[in-house]
Structure formats: structure tokens, C-alpha cells
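*Asks:* If you scroll down you'll find the structure; I have some questions about it.
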Amino acid sequence: MKYNRILLKLSGEALMGQQQYGIDAARLMQYAEEIKTAAATGTQVAVVIGGGNIFRGVQAEAFGLDRVQGDYMGMLATVINSMALQSALEKLNVNTRLLSGVTIQRVCEPYIRRRALRHLEKGRVVIFGAGIGSPYFTTDSAASLRAIEIEADVVLKGTRVDGIYTADPEKDPTATRYPEITFDEVMEKNLNVMDMTAFTLCKENNLPIIVFDMNKAGNLQRLIEGETVGTRVSMSGSKAPKPDAKHSALQPSLTTPTEQA
Ligand code: UDP
């Protein structure tokens, strides 16, 4: 396998499937199956899951609530999603541990780096809940930070689009996908891969990010086996979009909106 240890980031919104809110049972099981297959290869798998399908801190103001309180609500939403994923994995007989950045003693272990590493070494799928445990961050930042802490080889950002495009492919049919790109190019072209905190953490620690379509069956497995899937962001990504990309190149502006991921 190409990677010894991966960190898979899934957005909460992806869990909604076709719904407007909450967790779609079929989508949840689909992700659990994909993770089970990935873990069965012997690659160590850690997962960070967002909470956008339930609550995001930025919504707090619209509710007339305090932002920090809203962020903690968002963090707790990620724990709900993490518990759902843990349960789905356990139904498939996958050994898991849920480690939370906010202590919730009855339902999960607190996040302790050494413990996380031990679980991974034992072949358990480790789910990191509650982001980094602090307000004003996102689960993308949590994914980057935890990946660095556990010395993962790569952050795999599972989205519903198949990589990073020159423009938003859901709005611009002429958008072109980059098979590879450098951290610097992403910044120069102002592409939207992750929020800046998350992105900078990866860049400064030379941790590659692969943005890929998690909804396409087998993609996760293909990535782990070393196939080129989605877009790889690294220190040395190649310059030009590949000819196999869907459409002709256009405006170097925005791409994969993280909120759509
Ligand atoms: N959050 C936070 N600190 C963290 C991670 C998450 O405050 O370290 C809150 C924040 O309000 C965020 C919400 O939890 O909006 C849900 O996470 P996120 O928006 O990253 O979920 P996703 O977009 O991946 O579904």
C-alpha cells in the first residue's frame, strides 16, 4: 500500500446525502464500508468528520446566539456524527475508537496523542471528534492538526467533487480539474481547498492533501493503492492541468467550495 497511515476528512454535509439536514443512513453505511475496505489493506486509518449537517458556529448569530457557544454546539455536532460513524463501523465488525477534543467521558475517550497512536498501531480505526476542542476553528483545521500530530502520510479530503478545479465545476461547466498542484499555486490562484488555517498547517509541515470524490465507490481504496484519484496538493505538484481533465481550462479563480464538500 502507498500509505502507512492516512487521515480521512469527511464533511458533515456529505453525511446528509440528499437530505437537507442530519444523517442519511445509506450514506453513513456507504462510508463505513469504504473505510472498512481501506482499513483491511493494513493502512492505518484515522478519521475526522465535520458537523455542518447539524450545526456550524457561524449560524449562531442568525439564531441570536453567542458565537463561541455556537462553535461548541458545532463541535458537539461532530461528536454526534463521529458516534454514528463509529456505530456503523462496529456493525461491520471494524474495531474503532472515538477520541474527542472536548471531554465527554461517558461516550468517548479524551484525545490523547499517544493513545491515538497506540490504537492506530493496533489496527483500530480512530475517529477524532469535537475538532481541536477550541472555538473559531473548523474540522478541516482539526484534520490537518491531528494528521500532523499522528504523523499521517497524507490528508485525504473526501468531498462530493472529484478534485480541485480552476473554477467551481457545479457552476462553471468549462472548469478544469488539476490532477496535481503545489501549495504555492493554490495560494497564488486563490483556490479554495481548505480554510487558510488548515491549509497553512499542511503547507508548513509538508503534509500532502488529496481532494477526491468520496461518493464514488472504491475511490478511497484506489488512493491507498497508489492510483491517481482527485487532486493532490503537495510541495512539488505538477503545473498544468492534465489533458484527461473534464473540460478546457479557464479562469484561475475559485474551486471546490469546501462547504459543498
Ligand atoms: N468547530 C470548532 N472548532 C473545531 C472544529 C469545529 O469550533 O476545532 C465548530 C465550528 O463551529 C464548525 C462546526 O464545529 O463550524 C462544525 O465543523 P465544520 O464546519 O468544520 O464541519 P463540516 O463543514 O466539515 O461539516
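*Asks:* Dipole of the range 67-217, Cα-centred, from +1 at each Lys and Arg C-beta and -1 at each Asp and Glu C-beta, to the nearest 20 debye?
*Replies:* Numbers: 18 positive and 19 negative charges, 176 e Å.
Charge dipole, the range 67-217, about its Cα centre: 840 debye, nearest 20.
*Asks:* Go ahead and estimate [θ] at 222 nm for the chain from helices alone: -39,500 (n - 2.57) per DSSP H run with n ≥ 4, summed, over the residue count, rounded to 500.
*Replies:* Working: 7 runs with 82 residues, N = 261.
Theoretical 222 nm ellipticity from helices: -9500 deg cm²/dmol.
*Asks:* With each label point set 7 Å from Cα along the Cα-Cβ vector, what nm distance links Asn205 and Ala25?
*Replies:* Placing both labels 7 Å along Cα→Cβ, they lie 3.8 nm apart.
*Asks:* What are the ³J(HN,Hα) values, in whole Hz, obtained from phi via the Karplus relation 6.51 cos²θ - 1.76 cosθ + 1.60 with θ = phi - 60°, for each residue of the range 141-155 in sequence order, with x given for Gly and Pro?
*Replies:* 5, 4, 4, 5, 5, 5, 4, 5, 4, 8, 6, 5, 7, 6, 9
*Asks:* What residue among Met214, Val126, Ala198 has its Cα farthest toward the positive end of the dipole of the chain, where the charges are +1 on Lys, Arg and -1 on Asp, Glu, each on the Cβ?
*Replies:* It is Val126, whose Cα lies furthest towards the positive end.
*Asks:* For the range 110-171, report the convex hull volume of the alpha-carbon atoms normalised per residue, in Å³, without decimals. It would help to have the intermediate numbers written out before the result.
*Replies:* Values: hull volume 7.8 nm³, N = 62.
It comes to 126 Å³ per residue, whole-number rounded.
*Asks:* Using +1 on the beta carbon of Lys and Arg, -1 on that of Asp and Glu, and nothing else charged, what's the dipole of the chain about the Cα centre, debye to 20? Let's see the in-between values first.
*Replies:* Working: 29 positive and 29 negative charges, 157 e Å.
Here the size comes out at about 760 debye.
*Asks:* Next question. Leaving ligands, DNA and RNA out of it, report the carbon-plus-sulfur percent of the accessible area of the chain at a 1.4 Å probe. Before the final figure, lay out each step's value.
*Replies:* Details: 5760 of 11700 Å².
On the chain, the fraction of accessible area on carbon and sulfur atoms equals 49 percent.
*Asks:* Would any residue of the range 125-144 have its amide N under 12 Å from a label point 7 Å out along Cα→Cβ of Thr197? List them or say none.
*Replies:* Of the residues in the range 125-144, 131-144 have backbone N under 12 Å from the label point off Thr197.
*Asks:* Sticking with this one: For Thr197, Thr182, write out the residues from largest to smallest accessible area, computed with a 1.4 angstrom probe and no ligands counted. Don't skip to the end; give the middle numbers.
*Replies:* Working: Thr197 70, Thr182 20 Å².
Heavy-atom accessible area, descending, gives Thr197, Thr182.
*Asks:* In addition: Once ligands and nucleic acids are excluded and a 1.4 Å probe is used, how much of Tyr3 is accessible, expressed in Å² to the nearest 10?
*Replies:* Rounded to the nearest 10, the figure is 20 Å².
*Asks:* Still on this structure: What translational D, rounded to a whole number of µm²/s, comes out for the range 1-97 from Stokes-Einstein when the hydrodynamic radius is the Kirkwood one over Cα pairs, at 25 °C and 0.890 mPa s?
*Replies:* Working: Rh = 14.2 Å.
Once the numbers are plugged in, D ends up at 173 µm²/s.
*Asks:* Ok, one more. List the residues whose amide H sits under 5 Å from the amide H of Lys157, counting only those 5 or more places along or on another chain, with H placed 1.01 Å from N in the peptide plane.
*Replies:* Excluding prolines and chain starts, which carry no amide H, the hits are Lys9, Ile210, Val211, Phe212.
*Asks:* If you count only protein heavy atoms with a 1.4 Å probe, what accessible area per residue comes out for the chain, rounded to a whole Å²? Show your work: numbers first, answer last.
*Replies:* Details: 11700 Å² over 261 residues.
Averaged over the residues of the chain, the accessible area is 45 Å².
*Asks:* Separate question: Would you mind giving the average projected area, over all directions, of the Cα convex hull of the range 43-186 in nm² with one decimal?
*Replies:* Details: hull surface 42.9 nm².
Mean projected area for the range 43-186: 10.7 nm², to one decimal.
*Asks:* Tell me, what does the Kirkwood hydrodynamic radius of the chain come to in angstroms if you use every pair of distinct C-alpha atoms? Before the final figure, lay out each step's value.
*Replies:* Details: mean 1/r = 0.0548 Å⁻¹.
Roughly 18.2 Å, rounded to one decimal.
The values are calculated or read from the model by the stated rules, or taken from the named source; none is laboratory data. As the structure is a prediction and not an experimental result, all values here were calculated from the model. Backbone-built Cβ (ideal geometry, glycine too); neighbour counts: all protein chains shown. Accessible surface areas use protein heavy atoms only, side chains included; no ligands, DNA or RNA. Shrake-Rupley method; radii C 1.70, N 1.55, O 1.52, S 1.80 Å.
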